[in-house]
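Contents: one structure, followed by commentary.
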Amino acid sequence: MLRVHHLNNSRSQRVLWLLEELALSYEIKHYSRDPKTGHAPPSLKLIHPLGRAPVLQDGDITVAETGAIIDYITRTYGVGRLIPPPGGKAYNDYIHFLHFGEGSAILPQLLALYTSFLGDASAPLQPIINREMKKNFDYIEYHLTRREYFAGEQLSGADIQMVFPLEAAKTHGRLVKYPACLDFVERMHARPAYLKALKRGGHYDYGPKV
């Protein structure tokens, strides 16, 4: 049985969505953030040294990092679903956005969050952070105005990876000038598998109310 170590209100929600899209059986081990710090509990370090979620366990196999988990699940249990055939442009886009989502796309948003605790001391960094966010959103918007999904003509693991940085941006009002990005988030939020995963995962600030 697949087991997801899931931190409440976190990016690990995407793994539950992936499993629901593939109609796979799984169990969830729930963890709650510290109410004062927002940090993950120390008990997650017993599962993986990084002490972060998500972590997937499949028998004696343990996989951390969302992109690696998406890759493992689709390769092992997807039976060709949610991953384009290797060799074509759609597959190259799939690999690109699988890495882009937790690399370039999320980094400036994390920096904006971390520097928000510094007050005026963060002022010199804000123009750089804002420039990088705009660069990312301009690029994503350009891509999504030309196609419905991030890799090919059907939903893939790349879409599941990319939804979190766009959800976070939407929640903080950063997508007002990006209608294609907003439309993508709304379409993903309307998927039955997404809504089912939301009910199983618990409270999630970045998703629709269920």
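Computed from the coordinates by the stated procedures, all read-outs in this text should not be read as laboratory data. Nothing here was measured: the structure is a model prediction, and the numbers come from that model. Every residue, glycine among them, receives a Cβ derived from its backbone with ideal geometry; neighbour counts consider all protein chains shown.
Modelled label-to-label distance, His99 and Glu186, 7 Å Cα→beta-carbon offset: nm?
Inter-label distance under the simple model: 3.4 nm.
Report the full-extension gain for the segment Val210 to Leu46: residue separation times 0.36 nm, less the Cα-Cα distance, to one decimal in nm.
Numbers: separation 164, 0.36 × 164 = 59.04 nm, distance 3.18 nm.
Here the answer is 55.9 nm.
Longer than 27 Å from Cα to Cα, which of Lys89/Lys196; Lys45/Lys170; Lys177/Lys209; Lys36/Lys209; Lys135/Lys209 are they? Say none if no pair is.
Violating the 27 Å Cα-Cα cut-off are Lys89/Lys196; Lys45/Lys170; Lys135/Lys209.
Which distance in Å, rounded to a whole number, links the C-alpha centroids of region 9-62 and region 177-210?
After rounding, the separation between the Cα centres reads 19 Å.
Among DSSP beta bridges whose residues both lie in the chain, state the antiparallel percentage, nearest 5.
Around 55 percent antiparallel, to the nearest 5.
Need one number: nm distance between label points at Arg33 and Met1, each 7 Å from Cα along Cα→Cβ, rounded to one decimal.
2.8
Count the net charge of all other residues whose Cβ sits under 14 Å from the Cβ of Ile128, scoring Lys and Arg as +1 and Asp and Glu as -1.
+2
Using the count of nearby Cβ atoms within 10 Å as a rough guide to exposure, how do Arg3, Arg75 rank from fewest to most?
Ranked by crowding around the Cβ, least crowded first: Arg75, Arg3.
Tell me the label only: which of (i) 17.0, 52; (ii) 20.1, 76; (iii) 19.3, 69 is Rg and Dmax of the Cα atoms in Å as calculated from this structure?
It is the value labelled (i).
Just to be sure I understand: with springs between alpha-carbon atoms less than 10 Å apart, which residue in Phe164, Phe117, Phe184 has the highest mean-square fluctuation in the Gaussian network model of the chain?
Fluctuation is largest for Phe117.
Take the chain, connect every pair of alpha-carbon atoms lying under 10 Å apart with a spring to form a Gaussian network, then pick out the residue of Arg11, Arg52, Arg191 with the largest mean-square fluctuation.
Arg191
Over the chain, with a Gaussian network built from C-alpha contacts below 10 Å, which listed residue (Gly38, Gly67, Gly80) shows the highest mean-square fluctuation?
The residue that fluctuates most here is Gly38.
So, in nm, how far is label Arg75 from label Leu118 when the simple model puts each one 7 Å beyond its Cα toward the Cβ?
3.8
Mind putting a number on the dipole of the chain about its Cα centre? Charges go on the C-beta only, +1 for Lys and Arg and -1 for Asp and Glu, and I need it in Debye to the nearest 20.
320
Specify which residue in the list Phe150, Thr66, Ser10 is farthest towards the positive end of the charge dipole of the chain, using unit charges on the beta carbon of Lys, Arg (+1) and Asp, Glu (-1), about the Cα centre.
Value computed over the given set: Ser10.
Taking 8 Å as the Cα distance limit and 6 or more residues as the minimum spacing, I'd like the relative contact order of region 89-191 as a percentage.
In percent, rounded to a whole number, it is 35.
When a/c is below 1.5 the answer is rounded, else prolate if a/b is larger than b/c, else oblate, so apply that to region 89-191 with a ≥ b ≥ c taken from the square roots of the Cα gyration tensor eigenvalues.
prolate
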